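Since every read-out is calculated from the coordinates, none of them should be taken as a lab result. This one's a predicted model, so the numbers in the text were calculated from it and none came from an experiment. So basically every Cβ, Gly included, is an ideal-geometry build from the backbone, and we count neighbours across all protein chains shown.
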Amino acid sequence: MAKNALVKREDKRTEVALPERTRGAVTYTPRCDIFEKDDELILCADLPGVEPGNADVRFENGELMIYGRCAARQQGVNYLNYEYGIGDYYRVFTIGEMIDTDNIAAELKNGVLTVHLPKSEAVKPKKITVKAG
Amino acid sequence: MLMTPWQPYTDLWGKMGQFREEMDRLFDSFGFGDGRWPSLAAAYPTVNLWEDGDHVYAEAELPGMELSDLEIYVTGGNQLTLKGERKEPAFGKGVWHRQERGFGMFTRVITLPVDVDADQVEARFAHGVLTITMPKSETAKPRKITVKTE
């Protein structure tokens, strides 16, 4: 399987309507892993600080959008050491595979979002038995 | 009168070498050097630290981990150690198309600005974020000095 057959393009632009942001917070691009099995694609994204109710996953027109809302955990403190910022997470992937959209499942556990994208029947690999003639 | 000896190539090679070294350093700092971490600095996990009058707080983002995978100690009064392992998920047979999240063992030692009471340290882990609350030791707490008027 060619490496770039799956994810053809990834950028900030999307046709999916985004949840409107009312505050001018910083948005971060989460780190993601994508794993392909015979019957499904699995996407894992690190969304530390996002509670299960605050994650939004959409699949539309071959684009998978993930959005995680993460409110500020500290307010008005003076950091002695500041190595990362806290904000919402947003990322869009174009999935170049036929996906069975009705059966997409997503779960968020300990700040890791796992999305299971089952392949539609048409693209699943089929084994053809060769008969002896 | 031209006083500098004209050495076109020696100088050029020197500059090229410098440039190459600069680039190597730049790429190493982005994590392309040899590690498995894609774009992290040498230190993992990244830690935010802040304080109020009585406590020092440390927070680290450790998505996918459990509190039981972590070891947290305070030694010597002001050395906070975070140790743990982030395990790679096992999905069975297949191919990785993208692997940006890092896995493996880590240890990080942070020197706190003040001494803390090691017995009273509390750690909380929620939604992939570790928060450590460390009460300052009595000697490190700020004291209000009352100014007497005569």
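Using a Förster distance of 25 Å, how high is the FRET efficiency between residue B:119 and residue A:73, based on the Cβ-Cβ distance and rounded to 0.05?
After rounding to 0.05, the efficiency reads 0.45.
How many nm is it between the label spots at residue B:67 and residue A:103, if each spot is 7 Å from the Cα in line with the beta carbon?
Here the modelled spin labels are 3.8 nm apart.
Peptide A:37-43: average number of partner chain Cβ atoms within 10 Å per residue?
On the way: counts 5, 3, 1, 2, 2, 6, 2.
For this peptide, the per-residue mean of nearby foreign Cβ atoms is 3.
How crowded by other chains is B:53-62, given as the mean number of beta carbons from other chains within 10 Å of each beta carbon?
What the average comes to for B:53-62 is 3.
In this model, which of A:109/B:83; A:109/B:93; A:37/A:124; A:109/B:87 are farther than 19 Å apart at the alpha-carbon? Mind showing how you got there, number by number?
On the way: A:109/B:83 21 Å; A:109/B:93 23 Å; A:37/A:124 10 Å; A:109/B:87 14 Å.
In this structure, A:109/B:83; A:109/B:93 lie more than 19 Å apart at Cα.
In nm, give the distance between the simple-model label positions of residue B:131 and residue A:56, each being 7 Å from the Cα along the Cα-to-Cβ direction.
2.5
Give me a single rounded figure for A:78-89: the average over its residues of other chain Cβ atoms within 10 Å of their Cβ. Provide the component values of the computation, followed by the final result.
On the way: counts 3, 6, 11, 9, 5, 10, 7, 2, 4, 0, 0, 0.
Mean inter-chain Cβ contacts per residue within 10 Å come to 5.
Tell me, what is the FRET efficiency for residue B:23 and residue A:84 to the nearest 0.05, using R0 = 22 angstrom and their Cβ-Cβ distance as r?
Computed FRET efficiency for residue B:23 and residue A:84 comes out at 0.25.
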